[in-house]
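Report on the structure given below.
The values are calculated or read from the model by the stated rules, or taken from the named source; none is laboratory data. Every value quoted in this text rests on a predicted model; they were computed, and no experiment measured them. FYI the Cβ positions are ideal-geometry reconstructions off the backbone, even for glycines, and counts take in every protein chain you see. Remember, those area values only see protein heavy atoms, side chains included, never the ligands or the DNA or RNA. Shrake-Rupley method; radii C 1.70, N 1.55, O 1.52, S 1.80 Å.
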Amino acid sequence: MIDLIIRLGRSGLGYSETIGRSGIFLCHAFFGLGLSQKGLKLLVHQLYKVGVLSLVIIIVSGLFIGMVLALQGYSILVDYGSEQAVGQMVALTLVRELGPVVAALLFAGRAGSALTAEIGLMKATEQLSSMEMMGVDPLKRVIAPRLWAGLITMPLLAVIFSAVGVFGGLLVGVEWLGVYEGSFWANMQSSVDFKEDILNGVIKSVVFGVVCSWIAVFQGYDSVPTSEGISIATTKTVVYSSLSVLGLDFLLTAIMFG
Amino acid sequence: MGPSGTGKTTLLRLIGGQIKPDRGEILLNGVDVVKFKRKELFDARKKMGMLFQSGALFSDLSVFENVAFPMRAHTKLPEDMIRDIVLMKLNAVGLRGARDLMPSELSGGMTRRVALARTIALDPELILYDEPFAGQDPIAMGVLVQLIRLLNDALGLTSVLVSHDISESLSICDHAIILADGHVIGEGTTSELRKSDSPLVKQFLNGLPDGPVPFHFPALDYQTDLLG
């Protein structure tokens, strides 16, 4: 029994230490990106790697999710003779929930895991140590541009996801199932509020962007520098990011719409 | 020098301020490295270089860009001057012709020579070498041994070299220290060490498998272990 308490206490202390370390790490990285030409160049490079290269998965997923939403929504709404509201349903679902959440989950799986693996491998091959020994701070040079790239691209990807999803809904609802196009857009326009729905969705995606990028870069930087260590860190990035996104989504929804 | 696991690389990391000691002081130009703040430490590191065992080249940059990296990070030199300096440093290690190759296209020996060129890019006052000869073929090893001594003398450096390649290290060093179990067991010039009476020093220099440093890792008695 005493052993169990000791082990619990030890693991609790370990987790607290990791959280504290990751907090200090976030502060250093957050304020580490200089506004110099070099800093901006590094940021643009990471915006391309983290954001532009994630576009394909975001667009394809958004399109299919919008299509599925329209299909499912239509089959329910048609029973009540309200199939004209399918555009409103697709838009609200995407803008409020699925856009930020699914985009963040995809971001964690595609860009987050890549960030962790890249930084972990740089650590394992002593590239981060050699940078330190050259008097270059890896937190500023490697971590800060990647963190900021994640923060900037996440809301943009969520907006693109929602926009493409609405287009997917239009394809299925209007072009395939025959919902009147005027009603599709008019209902959407009248029910989607910029501040209440779109802005809240963007706020959610900003929060998810901070959390996913933070977890990804910290797990890479804190990984055990072996092949197994990097594998564990990459898995942790996806698992922790996904759980954090889902948990925070409930919290934010309760605050915004509760 | 010293057997594996005795703390040689740890010592280099302590000198470079990458890890902090539990106690004691590490003086660099008379200033204690341990007391440096983060920014002071990074400034101090501009005057030192470290050659890692793996070379630690940046895998996404070419040989040229790897050597140019410290200059781009710390100076505002014009591009044509950076080019000239990089080519001079690469020429010093015999790899001027390999400037456009990527690290994945280099052999182990070439990787370390490029890393050496990068290490001397900013003309440091101190270079720390971590096992520079490990895993090298005889030709690459001979080249590295000569380069280290040559660069040390030509650039007026202080070089701290960690190795367990006895003959190569003793052939170029002015002063050697042998570590075992975290303690200094012998030090001096090559000839002084060769004359040492210490059984530990003798075992290490002659490469004897058993002696004060046991061949076997601590374990139960062999017979008891086998028969239960």
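Look through the stretch B:87-97, keep the residues that are open to solvent by 10 Å² or more (accessible area, probe 1.4 Å) and assigned to a helix (DSSP H, G or I), and return whichever of them is farthest from B:ALA44 (Cα to Cα).
By that ranking, first place goes to B:GLY97.
How many residues are open to solvent by less than 60 Å² (accessible area, probe 1.4 Å) and at pLDDT below 85 if we restrict to the stretch B:158-167?
2
Quick check on my filter: what residues within the stretch B:134-154 are open to solvent by 50 Å² or more (accessible area, probe 1.4 Å) and modelled with pLDDT of 85 or more?
Once the filter is applied, which keeps residues that are open to solvent by 50 Å² or more (accessible area, probe 1.4 Å) and modelled with pLDDT of 85 or more, the stretch B:134-154 yields B:GLN146, B:ARG149, B:LEU150, B:ASP153, B:ALA154.
Given the conditions (1) free of Cβ contacts under 8 Å to residues at least 60 places away in the same chain; (2) more than 15 Å from the chain's Cα centre (by Cα), and given that B:SER159 satisfies all but one, which numbered condition is not satisfied?
Against the list (1) free of Cβ contacts under 8 Å to residues at least 60 places away in the same chain; (2) more than 15 Å from the chain's Cα centre (by Cα), B:SER159 comes up short only on (2).
Just to confirm my filter: which helices (runs of 4 or more DSSP H) fall fully inside the stretch A:1-112 and include at least 3 residues that are within 14 Å of chain B (Cβ to nearest Cβ) and surrounded by fewer than 22 Cβ atoms within 10 Å (Cβ to Cβ)?
Here the list reads A:2-30, A:37-46.
Taking into account only those residues within the stretch B:66-82 that are more than 11 Å from every other protein chain (Cβ to nearest Cβ) and surrounded by fewer than 17 Cβ atoms within 10 Å (Cβ to Cβ), which is nearest to B:PHE42 (Cα to Cα)?
B:THR75
I'd like the full set of residues that are aliphatic (A, V, I, L, M) and under 30 Å from B:ARG194 (Cα atoms), limited to the stretch B:1-27.
Selection gives B:MET1, B:LEU11, B:LEU12, B:LEU14, B:ILE15, B:ILE26, B:LEU27.
Within 14 Å of chain B (Cβ to nearest Cβ), in contact with a helix residue (DSSP H, G or I) (Cβ under 7 Å, 6 or more places away or on another chain) and assigned to a helix (DSSP H, G or I): does that describe A:MET122? Give the derivation first.
On the way: within 14 Å of chain B (Cβ to nearest Cβ): yes; in contact with a helix residue (DSSP H, G or I) (Cβ under 7 Å, 6 or more places away or on another chain): yes; assigned to a helix (DSSP H, G or I): yes.
Yes.
Would you point out which residue out of A:VAL207, A:VAL224, A:VAL239 is open to solvent by 30 Å² or more (accessible area, probe 1.4 Å), at pLDDT 95 or above, over 18 Å from A:GLY23 (Cα atoms) and out of contact with any His (no Cβ under 8 Å at 6 or more places or on another chain)?
A:VAL239
Inspect the stretch A:95-112 for any residue being small (Gly, Ala, Ser) and more than 18 Å from A:PRO155 (Cα to Cα) and give the result as yes or no.
The answer is no, given that none of the residues of the stretch A:95-112 is small (Gly, Ala, Ser) and more than 18 Å from A:PRO155 (Cα to Cα).
In the stretch B:27-65, which residues are within 9 Å of chain A (Cβ to nearest Cβ), surrounded by 15 or more Cβ atoms within 10 Å (Cβ to Cβ) and free of Cβ contacts under 8 Å to residues at least 24 places away in the same chain?
B:PHE42
Restrict the check to the stretch B:88-101 and report whether at least one residue is at the interface with another protein chain (Cβ under 8 Å from one of its Cβ atoms) and not aromatic (Phe, Trp, Tyr).
Initially, the stretch B:88-101 is screened for residues at the interface with another protein chain (Cβ under 8 Å from one of its Cβ atoms), giving none.
No, there is no match, as no residue in the stretch B:88-101 is at the interface with another protein chain (Cβ under 8 Å from one of its Cβ atoms) and not aromatic (Phe, Trp, Tyr).
Any chance you could count how many residues in the stretch A:132-164 are in contact (Cβ under 8 Å) with a residue 12 or more places away in the chain, surrounded by fewer than 24 Cβ atoms within 10 Å (Cβ to Cβ) and either away from every other protein chain (no Cβ under 13 Å) or part of a loop (DSSP other than H, G, I, E, B) (or both)?
10
Being touching a residue at least 24 places away in the same chain (Cβ under 8 Å) and outside any helix (DSSP H, G or I) is the filter; apply it to the stretch A:167-206 and report the residue that is farthest from the chain's Cα centre (by Cα).
Ranking the candidates gives A:TYR180 first.
Select from the stretch A:197-222 the residues that are of a type in the set (D, E, K, R) and within 14 Å of A:VAL245 (Cα to Cα) and list them in ascending order.
Residues of the stretch A:197-222 that are of a type in the set (D, E, K, R), as a first pass: A:197, A:204, A:222.
Hit for the stretch A:197-222 is A:LYS204, nothing else.
So which of B:LEU28, B:LEU57, B:LEU14 ends up being of a type in the set (A, V, I, L, M, F, W, C) and farther than 30 Å from B:HIS183 by Cα?
B:LEU57
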